[in-house]
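The values are calculated or read from the model by the stated rules, or taken from the named source; none is laboratory data. Note that this is a predicted model, so its numbers are computed, not measured. FYI the Cβ positions are ideal-geometry reconstructions off the backbone, even for glycines, and counts take in every protein chain you see.
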Amino acid sequence: MTHRYAGIRSQARVRERPLIALPKVPGELELQARWFAGDFGRNFTSTSGEPVELVQFGYWNREPGPDFRGAALRKSEGEVQRGGVEIDLLDRNWESHGHAINPAFEETILHVFVERSGAEFFTRTSSHWLVPQVQLDLGTLGQGAGEIALAHAGRCVAPLRHFESARVHDVLDSAARFRLQRKAEKLRRRVQTHGREDALFHAVAEALGYKQNRLPFTLLAQRLPLAFLRENVADAEAVLFGIAGFLEAPNVAPFRTCTRSYVRSLWDKWWRHRDRFARLILPPKLWKTSGARPLNHPHRRLGALAALLGAWKRFSVVASRGSAGAVAELLSGLHHPFWSVHYTLFAEPAASASALIGESRIADILANVIYPLRLSEEREVWNDYRTLRAQLSNQSVRIAAARLFADDPRQREFLRLLAAQQGLLQIYEDFCLRDASDCAQCPFPEQVRKW
Ligand code: SF4
């Protein structure tokens, strides 16, 4: 049994064809690529002389924070710790790049670098957590970084690649149904607590916040009941931006001439409400803007929410009864005289207008809000839901696909439907994100074999 297990594992660990090819860049990016490819090995001695074993490399982080997330490290005491790995050319880059005061680096468990600056340097996080350091020896390397894989193939690649397509679809569908049910239950509880309209508003706001700004968007929606916004429709947008903290004094100075009149119109309405809502204004530190694509900047997302408020009555109806196409048409057709052509309150106008809510966000709203809401209302949704198409644009889905399917040529076919992507995300969250053994102790491969 052991040799069979080891054989399957090594087969799954064969270097897979990369999912995403990045240009070959010398320097720090190449160093990171070679680290991730395992060219430096996985057993190191920290700068304080402690042995450290990298149990798993994690995945490339495309958001603010360390270069890799989801890594697992075993230190001399045997305890396994999960978190991020930051790789720099020089030890002091940690400080000069501002990581020491950036909360996004708080969960870093290892700082790797090539060169040490003269004086001894300790890697500390913003809450003064001491991060172990490893200095790399470039002499151990050969030539060429090659292409960069997004994440390592997992142990479950082996069973899944031998499954017939229908069996893989069945696994994904089943996980997607489970996920949909769970989301429906969550929405049902919200409806019971806040009523249907506010529950829908909270859920849409949360979806517009993306992963990075889910909390401030949720707080905004909770602090501004929909009934108030709809009764004060002329001031609703200004109050949203005011409570978001985007109209506070320190932010006013940098406004460009072209945005000044828009900001002025918001401010003229907001000041009448400001005293009443002063306690509810969100602190600036709650907002995460670094790493966000301009189109997804929270200013613009809030503009989209304001535009949706203007069409709320129609939206509420199609959310319940319209086809997925009708929901998508309404969301993609939203227009705002300022936000359709601006990315932030500070930016120059763009050359042309862009959709306020793009295709992938609409898919997210369908998956996380519209269909769970319908299911929570005891309606049969699965037959419709399982036919919805979606682009492969979600970063977590790409990582999960790299881990579970690697270079399986059927990958695109498996993931062309929204439900399949949601099923894959469920497996990723239930198994990959809970694993700290580099797949060795993950029960999924054995369980899925019995499918
Ligand atoms: S952790 Fe489990 S589910 Fe994830 S890639 Fe490894 S074996 Fe597959």
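Considering the conditions (1) in contact with a Phe, Trp or Tyr (Cβ under 6 Å, 6 or more places away or on another chain); (2) within 30 Å of Trp60 (Cβ to Cβ); (3) of a type outside the set (Val, Ile, Thr), Leu392 is excluded by exactly one of them, (1).
Residues Leu334, Leu375: which one is farther than 24 Å from Leu424 by Cβ and among the aliphatic types (A, V, I, L, M)?
Of the residues listed, the single one that is farther than 24 Å from Leu424 by Cβ and among the aliphatic types (A, V, I, L, M) is Leu334.
For the range 373-386, the condition of being of a type outside the set (Phe, Trp, Tyr), near the ligand (Cβ under 9 Å from one of its atoms), part of a helix (DSSP H, G or I) and surrounded by fewer than 18 Cβ atoms within 10 Å (Cβ to Cβ) holds for none of the residues. The set of residues from the range 431-451 being in contact (Cβ under 8 Å) with a residue 24 or more places away in the chain and either acidic (Asp, Glu) or assigned by TED's automatic domain parsing to the domain that holds Arg74 (or both) comprises Asp435, Asp438.
Could you grab me the full set of residues in the range 87-123 that are among the polar types (S, T, N, Q) and closer than 24 Å to Trp287 by Cβ?
Asn102, Thr108 - these are the residues of the range 87-123 that are among the polar types (S, T, N, Q) and closer than 24 Å to Trp287 by Cβ.
Within the range 173-221, which residues are surrounded by fewer than 21 Cβ atoms within 10 Å (Cβ to Cβ) and not in a helix (DSSP H, G or I)? Correct list: Gly195, Tyr210, Lys211, Gln212.
Quick grid of which residues meet (1) within 24 Å of the chain's Cα centre (by Cα); (2) within 25 Å of Leu388 (Cβ to Cβ); (3) in contact (Cβ under 8 Å) with a residue 24 or more places away in the chain; (4) crowded, with 16+ Cβ neighbours inside 10 Å:
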{"site": "His299", "(1), (2), (3), (4)": "yes, no, yes, yes"}
{"site": "Lys313", "(1), (2), (3), (4)": "no, yes, no, no"}
{"site": "Ala324", "(1), (2), (3), (4)": "yes, yes, yes, yes"}
{"site": "Val327", "(1), (2), (3), (4)": "yes, yes, yes, yes"}
{"site": "Gly333", "(1), (2), (3), (4)": "no, yes, no, no"}
{"site": "Leu345", "(1), (2), (3), (4)": "yes, no, yes, yes"}
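Leu73 passes every criterion in (1) of a type in the set (A, V, I, L, M, F, W, C); (2) more than 22 Å from Tyr210 (Cβ to Cβ); (3) in contact (Cβ under 8 Å) with a residue 60 or more places away in the chain apart from (3). For residues that are within 15 Å of the chain's Cα centre (by Cα) and more than 13 Å from the ligand (Cβ to nearest atom), scanning just the range 393-451, find the one that is modelled with the lowest pLDDT. Residue satisfying both the conditions and the ranking: Ser393. Here Asp170 clears all of (1) in a helix (DSSP H, G or I); (2) in contact with a helix residue (DSSP H, G or I) (Cβ under 8 Å, 6 or more places away or on another chain) except the condition numbered (2).
Somewhere in the range 251-261, is a residue modelled with pLDDT of 90 or more, surrounded by fewer than 23 Cβ atoms within 10 Å (Cβ to Cβ) and under 20 Å from Ala347 (Cβ atoms)? No: zero hits.
Could you please let me know if Ala306 is within 16 Å of the ligand (Cβ to nearest atom) and either among the small types (Gly, Ala, Ser) or at pLDDT 95 or above (or both)?
Values: within 16 Å of the ligand (Cβ to nearest atom): no; either among the small types (Gly, Ala, Ser) or at pLDDT 95 or above (or both): yes.
So Ala306 fails the test.
Count of the range 1-56 residues, restricted to those that are at pLDDT 50 or above and part of a helix (DSSP H, G or I), is 9.
Screening the candidates Phe414, Phe405 for the property of being crowded, with 21+ Cβ neighbours inside 10 Å, under 29 Å from Glu53 (Cα atoms) and either in the same structural domain as Tyr210 (by TED's automatic domain parsing) or of a type in the set (Phe, Trp, Tyr) (or both) yields one hit, Phe405.
Residues checked against (1) closer than 17 Å to Ala37 by Cα; (2) aliphatic (A, V, I, L, M); (3) surrounded by 16 or more Cβ atoms within 10 Å (Cβ to Cβ); (4) at pLDDT 95 or above:
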| site | (1), (2), (3), (4) |
| --- | --- |
| Asp91 | no, no, yes, no |
| Trp94 | no, no, yes, no |
| Ala104 | no, yes, yes, no |
| Phe121 | no, no, yes, no |
| Ser127 | no, no, no, no |
| Gly139 | yes, no, no, no |
| Ala149 | yes, yes, yes, no |
